[in-house]
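The values are calculated or read from the model by the stated rules, or taken from the named source; none is laboratory data. Note that this is a predicted model, so its numbers are computed, not measured. Note that we place each Cβ from the backbone using ideal geometry, even for glycine, and neighbour counts take in every protein chain shown. These area figures cover heavy atoms from the full protein model, side chains too; ligands, DNA and RNA do not enter into them. Shrake-Rupley method; radii C 1.70, N 1.55, O 1.52, S 1.80 Å.
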Amino acid sequence: MKSIHIEKKMNAPTLLLLGAQHVMVMYAGAIAIPLVLGAALGLPKDQIAFLISADLFACGIATLIQCIGFKGVGIRLPVMMGVTFTAIGPMIAIGSDPQAGLPGVFGATIAAGIFGVLVAPLVGKMLRFFPPVVTGTEILAVGLSLMGVAAAWSAGGYGNPDFGSPLYLSIAGLVLISVLALVRFTTGFLNNIAILLGLIGGFIVSSAVGLVSLNELSDAPLFGLILPFHFGLPKFSFWAIAAMCIVMLVTFIESTGMFLALGEIVDKPVSEKDLVRGFRADGAGTVIGGIFNTFPYTSYAQNVGLVSVTGVKSRWVCVVAGVILMVLGLSPKMAVLVASIPPFVLGGVGIVMFGMVAATGIKVLARVNLKNVYNLYVIAISIGLGMIPVVMPKFFSKLPHELAPILESPILLTAISAILLNLFFNGLGDDNSARIELMEVAKDSEP
């Protein structure tokens, strides 16, 4: 496929079409976090719908910052931004606290974003702390910790009196099979949006059997502004902020590999200065996310595969995609429609999405020297500690409640354990070798 290097070769309709394609490819992932968090916190549909609108709107702004860039901020590569799955565990822990709630989530998000902007110049010198044995273990823990959410969705969602109904399980299974069939028997664009098509198909089937309620759709306006602090002024708690700052560091390391691989694909070598600009954009996007009632943003790893498959190397395509996301975020009707997707439909695609996150972690760990018994200890103990809140939720219940954002997050427990154990067993690595390893890992994620 001939790659598109120069923006002048593309007219407005072409840019719009390619931008819409980028949005469709990442749309399912973009709406997943508000749906997961909303279900976990038991939020009503109208609040989940607002979170979806806010997420899409802020996602568009963050994408524009990263792609267009301004002084010292933005890597200016074809990058789509989205909420990081790494944050879901800490956000559920913070949001479940009656004294914090969503304002506590947004306060921690804003503080973590500011922290990210400030420490961005230092992160490039911290890569030696995050070799593949650490990043792979962390990514694996993210996928494993979310599988319980996918299972609960498939059975009808938390609190459903008909939880486990054969009808719910059948529809979830049908969605899963349809996604797998699309992945197996289609190529190109249809293959890339298999998750989105699975959601649409499951929604149609659920509507046909009377399991979809669209009563709120007629009352939702066609246009609605996303105003800052919709849920009240943010609340700031030390341990909640500490948890989200750790999330910020983890997402920076993930972004590093993606930036390096993407720069190689588009023939624009990425320097340490470029990395810092990209990190600052991630941090700025996270601050904006907290202000506009949404969550920590990161540069989506799907960019590597998308740019490689389509051959479109122009950052202006992602700029157009960012504008489209902002427009979608200003449509409450669209958000209500998405929030009306039944949990069991989400469960079918959740098994795929969260399972693929875990599989990506395994792929990263495949690059690790597993003949070194020290690496096995790092993986085994970190996953073991990280899964404690999943398999035994009350394990830390007698410890200070303020520590809950960290102790009740399998993702953060795994990250802290993996970093410390790797230092204990393997010591410090080399920054340059870490950069190469991260770039190779990101390139291995291409479809």
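Quick one: pull the percent of accessible area on the chain belonging to carbon and sulfur, 1.4 Å probe, ligands and nucleic acids left out. Carbon plus sulfur share of accessible area: 69 percent. Taken over region 156-196, the percentage of Cα pairs per 5 Å bin, counting from 0 up to the bin with the maximum distance, is 5, 24, 20, 15, 13, 11, 8, 3, 0. Within region 50-77, list the residues whose amide N lies under 20 Å from a label point set 7 Å along Cα→Cβ of Met356. What the label zone holds, given the 20 Å backbone N cut-off, is 56.
Taken over region 58-128, the ratio of Cα radius of gyration to 2.2 N^0.38 Å equals 1.31. With the simple model of a label 7 Å out from the Cα in the direction of the Cβ, Leu423 to Thr14 spans 5.1 nm. For region 46-184, compute Rh as the Kirkwood radius over C-alpha pairs and then the Stokes-Einstein diffusion coefficient at 20 °C and 1.002 mPa s; write the answer in µm²/s, rounded to an integer. The Stokes-Einstein estimate is 115 µm²/s. The modelled label-to-label distance for the pair His230/Glu264, using points 7 Å beyond Cα in the direction of Cβ, is 4.1 nm. State whether the chain is rounded, prolate or oblate according to the following rule on the C-alpha gyration tensor (a ≥ b ≥ c being the square roots of its eigenvalues): a/c under 1.5 gives rounded; otherwise a/b larger than b/c gives prolate, and the remaining case gives oblate. Rounded shape, in that the Cα axes give a/c under 1.5.
Can you compute log10 of I(q)/I(0) for region 180-316 with the Debye formula, treating each Cα as one identical point scatterer, at q = 0.11, 0.12, 0.18, 0.19 Å⁻¹? Those come out to -0.70, -0.82, -1.13, -1.14, one per q.
The local environment of Ala335, defined by Cβ-Cβ distances under 13 Å, has a net charge of -2 under the rule Lys, Arg +1 and Asp, Glu -1.
Peptides 38-48, 375-385 ranked from most to least packed, by the mean per-residue count of other Cβ atoms within 10 Å: 375-385, 38-48.
The C-alpha radius of gyration of region 110-242, expressed as a fraction of 2.2 N^0.38 Å, stands at 1.50.
Over the chain, accessible surface divided per residue gives 41 Å², non-protein components excluded, 1.4 Å probe.
For the Cα trace of region 329-375, dividing Rg by the Kirkwood Rh returns an Rg/Rh value of 1.34. Shown for the chain are the DSSP H helices of 15 Å or more along their axis, judged by Cα atoms, with a mean Kyte-Doolittle hydropathy of at least 0.0: 12-41, 45-68, 101-123, 132-154, 166-185, 194-208, 238-265, 272-291, 315-329, 343-365, 373-386, 410-426.
Residue ranges 81-88, 234-241, 325-332, 341-348 sort as 81-88, 341-348, 325-332, 234-241 when ordered by packing (mean number of other C-beta atoms within 10 Å per residue, highest first).
Using square roots of five times the C-alpha gyration tensor eigenvalues, list the equivalent-ellipsoid semi-axes of region 323-411 in whole Å, biggest first.
Square roots of five times the eigenvalues give 34, 22, 13 Å.
What does the highest-first list of 51-59, 396-404 look like by mean Cβ count within 10 Å?
51-59, 396-404
Our helix-only sum for the chain, with -39,500 (n - 2.57) per DSSP H run of n ≥ 4 divided by its residues, gives a mean residue ellipticity at 222 nm of -22500 deg cm²/dmol. Annotation: amide H-H contacts under 5 Å for Gly74 (H modelled 1.01 Å from N, sequence separation of 5 or more, or interchain): Gly278, Arg280, Ala281.
A Gaussian network model of the chain, with springs between Cα atoms under 10 Å, assigns the largest mean-square fluctuation among Ala12, Ala20, Ala93 to Ala12. The Rg/Rh ratio of region 253-400, with both radii computed over alpha carbons and Rh defined as the Kirkwood radius, is 1.02.
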